[in-house]
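The values are calculated or read from the model by the stated rules, or taken from the named source; none is laboratory data. Please read these numbers as outputs of a predicted model, since none were measured by experiment. Heads up, the Cβs are rebuilt from the backbone with ideal geometry, glycines too, and the neighbour counts pull from every protein chain shown. Remember, those area values only see protein heavy atoms, side chains included, never the ligands or the DNA or RNA. Shrake-Rupley method; radii C 1.70, N 1.55, O 1.52, S 1.80 Å.
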Amino acid sequence: MSASEPGYYSIFVFWDKKVTDYQKLNNEMLAILYDDKVMSATKISKYNFVNVNDMTHPYHYKSLLDLKQSPTIVLLDHKGIILKTSNPKELLQVMLMEGGK
């Protein structure tokens, strides 16, 4: 799940389709990823949506990552998890800070 190399980031959005509107969430996430400041400050190597109720995944992410809310957004660098939040605006703030390093 981690980014492949230093300076890059992976974003996973874990959601439960029973309680979260995918289209609205996807639009919020794309607005963050395509924000001019984010695009110029950070490099995204992975961006994936994962339905926590899809049992075809090799891992049970809900228990593995102790996911309590839908959505839960996980931001990782090449070392591991930097942020786990359910607030897309918090992701934006952290991405801008990370990009300024």
Just to make sure I understand: if all protein chains stay in place, what is the order of Ile82, Ile73 by accessible area at 1.4 Å, largest first? Ile82, Ile73
Cα-centre dipole for the chain with unit charges at Cβ (Lys and Arg positive, Asp and Glu negative), debye to 20: 120 debye
Pop out the carbon and sulfur fraction of the accessible area of the chain as a percent, whole number, probe 1.4 Å. 51 percent
Label assignment, Cα extents along the principal axes in Å derived from the structure, set (i) 83, 17, 16; (ii) 54, 28, 25; (iii) 36, 28, 18: (iii)
Can you give the % of DSSP beta bridges in the chain that are antiparallel, to the nearest 5? 55 percent
Under a Gaussian network model of the chain whose springs join Cα atoms within less than 10 Å, the largest fluctuation of Lys24, Lys37, Lys89 belongs to Lys24
At R0 = 30 Å, how high is the FRET efficiency between Leu64 and Gln23 if r is their beta carbon distance? Nearest 0.05 is fine. 0.70
What stretch of the chain, leaving out the sites themselves, is the longest with no chymotrypsin sites (Phe, Trp or Tyr not before Pro) in a DSSP loop having at most 12 other Cβ atoms within 10 Å? 60-101
Scoring the chain by relative contact order with C-alpha pairs under 8 Å, at least six apart, yields a percentage of 41 percent
In Å², rounded to a whole number, the accessible area per residue of the chain with probe 1.4 Å is 61 Å²
Judged on accessible area alone, 1.4 Å probe, highest first, Glu28, Glu98 line up as Glu28, Glu98
Order of exposure, largest accessible area first, which applies to Met1, Met29 with probe 1.4 Å: Met1, Met29
Any chance you could give the angle, 0 to 90 degrees and rounded to 10, that helix 88-99 forms with the longest Cα principal axis of the chain? 40 degrees
Using a simple spin-label model with points 7 Å from Cα along the Cα→Cβ vector, what separation in nm is obtained for Ser2 and His78? 1.0 nm
